[in-house]
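Working notes for the structure below.
The values are calculated or read from the model by the stated rules, or taken from the named source; none is laboratory data. Not measured: the values here are computed from a predicted model. Virtual Cβ from ideal backbone geometry, glycine too; neighbours counted across all protein chains shown.
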Amino acid sequence: MIGDETPPGRLERVLLALPEGSVLRLVFVALLSVSLAIVVIDYRSMAERSAEEERTSRIESMPLRPPRPGDQIRPYLPRAMPVGPDRGEPVLPGYDGPVEGEALAAPMRFFRGPGGEASAIGRIEFGTAEALRAFLATPEAAGVDTLVMHSPGGSVADAIAMARDLRSQGISTRVPDDGYCASACPLLLSGGSTRRAGEGAWVGVHQVFAVSGSEPGLPSTVDRSIAEIQATTAECQSLLAEMGVDPALWIKAMQTPAASLYVLTPEELVAYRLVRPLPDGPAFVGPPAPTYPTFPPVPPALEAGEPAPPAGEAGEPAASEAARRTGAPSAI
């Protein structure tokens with residue numbers, strides 16, 4: 001009838017059946033759950049940022065177990081070196097100061113040692129390539145034929161430039177016993193006309209990552225584009241090939257997160273030619289090119305009505321059959 005009220009729908013009946021205040025309690029619980037979730041996410045993000053800041057700013061040495069074949073991934077500290085019960089302190093010619101802490105975290109410095117050797121200790125910062133050129137141009141560096149390095153890495157661009165400078169001057173490179181050469185440092189190591197790594201030396205690689213303006217080697221707050229990462233990776237592989245090192249080494253780097261380090265075994269250092277006791281010839285530009293099998297050309301299709309050539313086996317020309325019987329190679 002006109003004026004009759006429409007009966008309530010199913011949802012309305014359910015809501016009316018709830019005790020008074022239940023809807024408000026449900027809304028309150030939902031808002032509280034969302035707030036707690038946001039707090040947990042924020043706390044987790046803060047904890048991750050705090051751990052990352054501690055890792056990148058730490059200068060105290062970190063005790064780590066020695067790498068073994070198949071167990072070679074270790075944390076990467078951009079300002080510190082790993083230590084262990086079986087590791088001593090590296091000896092750097094011409095340098096008698098501390099080899100860890102502030103000395104390793106500071107921008108790379110160069111020292112002239114006896115017997116044609118010089119030492120490089122510290123981080124590879126923006127401008128370190130120019131510092132190396134300036135050092136090699138001094139009278140003090142006259143006659144230097146080997147650069148001994150102890151570095152946690154840093155600027156990839158500077159390491160590449162330094163490697164080319166060393167190769168152009170015929171200077172060898174060496175990581176001392178119990179030394180540390182990580183991140184971009186192996187690129188510098190590759191520039192030596194001969195390359196050596198002492199007993200207990202840690203030589204490690206990892207992914208190239210963004211850097212923040214004045215502090216190379218530290219993650220940037222802005223992600224790099226894929227194109228930029230690919231370009232830098234290509235530059236690294238190009239340098240390795242140019243220096244006579246197997247570019248496949250950089251596959252290990254690309255497989256290892258930036259916060260970790262893949263420490264190469266002595267056997268891998270030799271296999272990838274990062275350690276090279278003898279100089280390469282002047283014409284050497286990288287590892288030998290791979291060889292691939294060759295195949296005879298496919299014979300042209302027979303025209304309609306043209307008799308097929310005699311064959312010893314199905315589809316085999318007579319000339320090939322004769323060669324097979326006599327053992328002579330087939331003409332291709």
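Could you figure out which of (1) of a type in the set (Lys, Arg); (2) exposed (fewer than 14 other Cβ atoms within 10 Å of the Cβ); (3) at pLDDT 85 or above isn't true of Arg74?
Condition not satisfied by Arg74: (2).
Condition check: touching a Lys or Arg at 6+ places or on another chain (Cβ under 7 Å), crowded, with 20+ Cβ neighbours inside 10 Å and within 21 Å of Ala231 (Cβ to Cβ). Does Gly154 satisfy that?
yes
Please enumerate the residues belonging to the stretch 118-145 that are within 29 Å of the chain's Cα centre (by Cα), free of Cβ contacts under 8 Å to residues at least 60 places away in the same chain and surrounded by fewer than 21 Cβ atoms within 10 Å (Cβ to Cβ).
Gly127, Glu130, Ala131, Arg133, Ala134, Phe135, Leu136, Asp145
So which residues in the stretch 249-269 are assigned to a loop (DSSP other than H, G, I, E, B) and either under 16 Å from Gly198 (Cβ atoms) or at pLDDT below 95 (or both)?
Pro257, Ala258, Ala259, Leu264, Thr265
Of the residues that sit in the stretch 242-257 and are buried (at least 17 other Cβ atoms within 10 Å of the Cβ) and of a type in the set (A, V, I, L, M), which one is nearest to Pro152 (Cα to Cα)?
The selected residue is Ala253.
Looking at this structure, is Pro66 in contact with a Lys or Arg (Cβ under 9 Å, 6 or more places away or on another chain), surrounded by 20 or more Cβ atoms within 10 Å (Cβ to Cβ) and in a loop (DSSP other than H, G, I, E, B)?
no
From Glu100, Glu130, grab the single residue that is among the acidic types (Asp, Glu) and over 25 Å from Gly244 (Cα atoms).
From the options Glu100, Glu130, the qualifying one is Glu100.
Across the stretch 88-97, which residue is surrounded by the most Cβ atoms within 10 Å (Cβ to Cβ) among those that are within 17 Å of Pro63 (Cα to Cα) and modelled with pLDDT of 90 or more?
Restricting to residues being within 17 Å of Pro63 (Cα to Cα) and modelled with pLDDT of 90 or more, the top hit is Pro90.
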